[in-house]
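The values are calculated or read from the model by the stated rules, or taken from the named source; none is laboratory data. Quick caveat, the model's predicted, so the values are computed rather than measured. Cβ sites come from the backbone with ideal geometry, for glycine too, and all protein chains shown count toward neighbours.
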Amino acid sequence: MKRIYRKLCYKISARRRSWLHARKQKRVRRMILRHYNHHPPRDQEIAEAVTYLSTHPLTTFYGTFQERYDASDVEVLTDPQNGLPYVITEGGKLYFKRSLNNYTIQLLFNNLRVEQDRHAPHCYTDRHFFVEKGERLADVGCAEGYFSLMNIEQCEALFLFEQESEWIEALEATFAPWREKVSIIPQFVSDINSEQEITLDHYFREHEEKPSFYKIDVEGAEASVLRGMEGLLLEREVKIALCTYHHQHDYERFRLFFEERGYSHRPNAGVMIYQNDMEQMRPPYFRKCLIKAVNHHASP
């Protein structure tokens, strides 16, 4: 009886949150369109996003590429051996937290597919910037590890940084077939070293061969991660895919950071709306999503 009651409460709470979020999305959409009706955008990418928004609901990304994906198409299975939910993808099983229900997993996985579509402004790679055969990859803030699973066969070694225990359990299941070349580091990557935190410079100081590809997506702590890898940034070959949307001015901030260190860089094409920040939104509303940088020995 208690289980049924908790389930009912969860459904009511989830539906209320969904309703409130939908109301907020409509309000923000009206605000953005009203602003650009009076102040036509000069930036071509923002102009294209506003045109799309004028005939579509508010979403994170803008463009028809995302319309190819439907969460209802995602099949969620349960592993009878460990009880974890998973989705079959990229030639493997991508496991999720055991506390997530199937509908939430469908939404999460669908968002992952959209984010890594080659036309998405969030895509970590492209035809000129990717994980090459034999590279060592550091996935900083890996959560479910989708990006790493996409590249596992390419990697000589894979380092997964994730501190949340439920995600760690899921990661161990996902990467069990490649256990010999995967390291899971259960600490928060930062610019200090403590029991819970670690810098990339500190972690890799004893590794003769350092990673050459760093994917960094840490929910707004990207600057701390970069401060904690100043030594690694001096390595001969380094590629960094860094998220730039968690704070309004992150793209400009990180653009200057890489320029000062002699890195060549470029943003992904397109813009996005960071929906976690809708209460504090200010013009221009849209943000650049990701910067790709390499050291001065190569071009991005």
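Within region 119-135, residues that are within 17 Å of V271 (Cβ to Cβ) sit with their Cβ atoms under 7 Å from residues that are β-branched (V, I, T) and not in a loop (DSSP other than H, G, I, E, B), at 6+ positions apart or across chains, in these pairs: A120/V114.
Within region 265-300, the residues that satisfy the criterion of being buried (at least 18 other Cβ atoms within 10 Å of the Cβ) and of a type in the set (K, R) are R287, K288, K292. Screening region 96-117 for residues that are among the aromatic types (F, W, Y) and farther than 15 Å from M150 by Cβ and picking the one that is modelled with the lowest pLDDT gives Y103.
Look at region 241-253 and say how many of its residues are in contact (Cβ under 8 Å) with a residue 40 or more places away in the chain and over 16 Å from Q116 (Cα atoms).
The number of residues fulfilling the criteria is 1.
For region 60-68, indicate whether the set of residues that are of a type in the set (G, A, S) and loosely packed, with under 11 Cβ neighbours inside 10 Å is non-empty.
To start, the set of residues in region 60-68 that are of a type in the set (G, A, S) comprises 63.
This time we only want the ones that are loosely packed, with under 11 Cβ neighbours inside 10 Å, so: none.
No, region 60-68 has no match at all.
Considering only region 225-238, I want to know if a residue exists there that is touching a Gly at 6+ places or on another chain (Cβ under 9 Å) and farther than 30 Å from D79 by Cβ. Explain how you work it out, then say what you get.
Narrowing region 225-238 to residues touching a Gly at 6+ places or on another chain (Cβ under 9 Å): 225.
Now narrow it down to the ones that are farther than 30 Å from D79 by Cβ: 225.
The answer is yes, given that some residue of region 225-238 is touching a Gly at 6+ places or on another chain (Cβ under 9 Å) and farther than 30 Å from D79 by Cβ.
Within region 56-72, being touching a residue at least 24 places away in the same chain (Cβ under 8 Å) and not in a loop (DSSP other than H, G, I, E, B) holds for F61, F65, Q66, R68, A71, S72.
Could you check G262 against (1) in contact with an Asp or Glu (Cβ under 8 Å, 6 or more places away or on another chain); (2) surrounded by fewer than 16 Cβ atoms within 10 Å (Cβ to Cβ) and say which number it fails? All conditions pass for G262, except number (1). Within region 143-181, restricting attention to residues that are β-branched (V, I, T) and surrounded by fewer than 22 Cβ atoms within 10 Å (Cβ to Cβ), the residue that is farthest from I88 (Cα to Cα) is I168.
Kindly indicate the residue of region 213-230 that is in a loop (DSSP other than H, G, I, E, B) and at pLDDT 95 or above and also surrounded by the most Cβ atoms within 10 Å (Cβ to Cβ) among those meeting that condition.
We begin by selecting, within region 213-230, every residue in a loop (DSSP other than H, G, I, E, B); these are 217-221, 228-230.
With at pLDDT 95 or above added as a condition, the list becomes 217-218, 221, 228-230.
Values: D217: 23, V218: 19, A221: 17, G228: 21, M229: 26, E230: 13.
Here the answer is M229.
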